[in-house]
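Enquirer: Take a look at the following structure, please.
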Amino acid sequence: MRTSLLVAGFGGQGIMMIGKLIGECVFEEGINVTFLPFYGPEQRGGTASCTVIQSDKPIGSPVSEELDVLCVMNQPSLEKFLGRIKQGGVLITNSSLVDIHSVERKDIKIIEVDADRLAYQIGSKKIANIIIFAAYMAIAKTVPIEKVKAIALTKLGKKPELVPMNRAAFDAGVQIAIASQC
Amino acid sequence: MEQIFMKGCEAIAETAIRAGCRFFAGYPITPQNEMPEYMSRALPRVGGTFVQGESEVASVNMVYGAAAAGTLAMTSSSSPGISLKSEGISHLAGARLPSLIVNVMRAGPGMGTIQPAQNDYFQASKASGHGGFRTITFVPGTLQEAVDLTYLAFEYAVRDHNPVILAPDGFIGAIMEPVTLPDFKEIPETPDWAAIGYGKRGHINLIKSGGATEAEQQEINESAAKLYERWTREDVMVEAYHTEDAEYVFAAYGTSGRICKSAVDELRDRGIKAGLIRPITISPFPYNAFKNLDDTRVKYIIDVEMAIPAQMIEDVKMGVEGKIPIETVLSSGGNIIRTSDIIQKTEALVKEG
């Protein structure tokens, strides 16, 4: 069983952090995983994306033409990658910045996460990516969510002042994911 | 042994330290910046030295100096940066100094793009500088292999008194995947040949990257040629995957190699007998792996590279000796090879019959 995820957005939105954290959690669960970043020469403002492949077999290609899950943090990423989601796949959007009215596909599940606005309410726009990360992990269910939380908060522990906010962001993401599946 | 989830460039750097490397000089260039960044933090902790040189040329010559003084030394760069270092690499080979050069390959020629590619095959395997020298050149296909080969590279460099090149494509440099790191090696004592002045030894060594006379230079070349010859007998590394009954054999290395491996599995699921020859050393090249293919069974060799025009294909042709037709699946510019392109190409060849 091979699943592919692509996370995309502006440089500076913490795209790589989302992918890396997912990779770390899946790795800790003993599943084969690769994380491959893709970014241009711009430091900020350009498009950044990363691919996470999970598999029970050794992983050949670290990218995938067809996606099981697409996470988009901005509008250009939605337009660029929407067509690559498999039938029955999942689209997770940062609905603060992404408008899905133009999406005509009926064969995918869409989960909207108002990540930027929620992050702002919690206290920092910097943690929008953690909300999206938590939402993805709660939907994917490949790793028990409490274990995910413990791994993520350890990894994010380098900035202790942000830990309470990261914890709140994580919980918010999980809640949205659970609500979306009701 | 414990596995960790690590980024390509960082795993290579950490392994170099574990292999005994205590000097690194480099100059920033994408996509290998994580390597000097890692070294700048990690080397001082083990008593080593990190220098960000004022240029690529300065950096490679600092490696020459450190290696001449008997320290295990390395530099890393990416394609255009390796071109700048090529004069120094030639001097390292001319003076027969153990060292490691890592080229995290990006798209070219010229500035190219900062995205991963395999455009430096010729440079890495045949001409990394002037003067017709050779190096052992490794092309890892996974991060674990990159780690294992980095460790081995220092052993070979010391064994042969020669620079070794590790040429991962940019995907291997950027990827994160689980790896097991090797143990820390004891740092060897300063070798007797090192140029460190008289010290307590009562003699000085002179290290130079050329002969004083025509005769001496020819002797140097002949001795190096013997070494290169020995590599072709003893040090060729290659993975043959499902080649025993294959009718369609891919030739691919690095990330293209691992992609072909999954294409082989997929094609076999569809009833097509596919196989893969994946060179792990491109110098010395595994010519025999191609030479030994049964040309009454193998219908096509499909050379898969992230380089346009194809480069490794020249060596594949030498191995095949014209006995089996060769087709290609290629990409460049930073575009990764698509598994579907490989499969479509193979299926089209099968249909042709």
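The values are calculated or read from the model by the stated rules, or taken from the named source; none is laboratory data. Values in this document were obtained by computation on a predicted structure and should not be read as measured data. Cβ sites come from the backbone with ideal geometry, for glycine too, and all protein chains shown count toward neighbours.
Enquirer: What tally of residues in region B:133-187 results from selecting those that are part of a helix (DSSP H, G or I) and either buried (at least 20 other Cβ atoms within 10 Å of the Cβ) or not basic (Lys, Arg) (or both)?
Expert: Residues that pass the stated criteria total 22.
Enquirer: If I ask for residues that are within 12 Å of another protein chain (Cβ to nearest Cβ) and either within 21 Å of B:TYR287 (Cα to Cα) or not hydroxyl-bearing (Ser, Thr, Tyr) (or both), which ones from region B:319-343 would you list?
Expert: B:GLY334, B:ASN335, B:ILE336, B:ILE337, B:ARG338, B:ASP341, B:ILE342, B:ILE343
Enquirer: Regarding region A:59-68, can at least one residue be identified that is more than 14 Å from chain B (Cβ to nearest Cβ), at pLDDT 95 or above and out of contact with any helix residue (DSSP H, G or I) (no Cβ under 6 Å at 6 or more places or on another chain)?
Expert: Looking through region A:59-68, at least one residue is more than 14 Å from chain B (Cβ to nearest Cβ), at pLDDT 95 or above and out of contact with any helix residue (DSSP H, G or I) (no Cβ under 6 Å at 6 or more places or on another chain).
Enquirer: Looking only at helices (runs of 4 or more DSSP H) that fall completely inside region B:20-98, which ones have 2 or more residues that are within 14 Å of chain A (Cβ to nearest Cβ)?
Expert: Where helices (runs of 4 or more DSSP H) fall fully within region B:20-98 and carry at least 2 residues being within 14 Å of chain A (Cβ to nearest Cβ), they are B:34-45.
Enquirer: Quick one: which helices (runs of 4 or more DSSP H) lie wholly within region A:64-182 and hold at least 3 residues that are charged (D, E, K, R)?
Expert: Passing ranges, in order: A:145-155.
Enquirer: Further, regarding this structure: So, restricting to helices (runs of 4 or more DSSP H) that lie completely within region B:238-333, which ones have at least 3 residues that are crowded, with 21+ Cβ neighbours inside 10 Å and not assigned by TED's automatic domain parsing to the domain that holds B:PRO168?
Expert: Hits in region B:238-333: B:254-269, B:313-320.
Enquirer: While we're here: Which one is surrounded by the most Cβ atoms within 10 Å (Cβ to Cβ) among residues in region A:79-112 that are under 19 Å from A:ILE18 (Cα atoms) and polar (S, T, N, Q)?
Expert: Top of the filtered list is A:ASN94.
Enquirer: Among the residues in region B:38-47, are any more than 15 Å from B:ILE82 (Cα to Cα), in contact with a Pro (Cβ under 8 Å, 6 or more places away or on another chain) and either polar (S, T, N, Q) or touching a residue at least 12 places away in the same chain (Cβ under 8 Å) (or both)?
Expert: no
Enquirer: Now a separate question. Going through region B:111-132 one residue at a time, which ones are in contact with a Gly (Cβ under 7 Å, 6 or more places away or on another chain) and in contact (Cβ under 8 Å) with a residue 60 or more places away in the chain?
Expert: Answer for region B:111-132, where residues must be in contact with a Gly (Cβ under 7 Å, 6 or more places away or on another chain) and in contact (Cβ under 8 Å) with a residue 60 or more places away in the chain: B:THR113, B:GLN115, B:PRO116, B:ALA117, B:GLN118, B:ASN119.
Enquirer: Is there a residue in region A:102-116 that is away from chain B (no Cβ under 14 Å), among the hydroxyl-bearing types (Ser, Thr, Tyr) and over 30 Å from B:PRO28 (Cβ atoms)?
Expert: For region A:102-116, residues away from chain B (no Cβ under 14 Å), among the hydroxyl-bearing types (Ser, Thr, Tyr) and over 30 Å from B:PRO28 (Cβ atoms): present.
Enquirer: Still on this structure: Mind listing whichever residues of region A:145-162 are aliphatic (A, V, I, L, M) and under 18 Å from A:GLU24 (Cα atoms)?
Expert: A:ILE145, A:VAL148, A:ALA150, A:ILE151, A:ALA152, A:LEU153, A:LEU156
Enquirer: Let me ask something else about it. Answer yes if at least one residue in region B:274-287 is farther than 24 Å from B:ASN119 by Cα, over 19 Å from the mean Cα position of the chain (by Cα), touching a residue at least 40 places away in the same chain (Cβ under 8 Å) and within 14 Å of chain A (Cβ to nearest Cβ), and no otherwise.
Expert: The answer is yes; a qualifying residue exists.
Enquirer: Anything in region B:67-79 that is in contact with a strand residue (DSSP E or B) (Cβ under 8 Å, 6 or more places away or on another chain) and more than 10 Å from B:GLU56 (Cα to Cα)? List them, or say none.
Expert: Those that are in contact with a strand residue (DSSP E or B) (Cβ under 8 Å, 6 or more places away or on another chain) and more than 10 Å from B:GLU56 (Cα to Cα): B:ALA67, B:THR71, B:LEU72, B:ALA73, B:MET74, B:SER78, B:SER79.
Enquirer: Those residues that are touching a residue at least 40 places away in the same chain (Cβ under 8 Å), over 17 Å from B:CYS260 (Cα atoms) and not charged (D, E, K, R), I need them from region B:292-310; list them, please.
Expert: Selection gives B:LEU293 alone.
Enquirer: Please find, among A:GLY23, A:GLY12, A:GLY45, the residue that is of a type outside the set (Val, Ile, Thr), within 15 Å of the chain's Cα centre (by Cα) and at positive phi.
Expert: A:GLY12 is the lone residue from the list that is of a type outside the set (Val, Ile, Thr), within 15 Å of the chain's Cα centre (by Cα) and at positive phi.
Enquirer: Collect the residues in region A:17-47 that are crowded, with 16+ Cβ neighbours inside 10 Å and more than 10 Å from chain B (Cβ to nearest Cβ), keeping them in residue-number order.
Expert: A:MET17, A:ILE18, A:LEU21, A:ILE22, A:THR47, listed by residue number.
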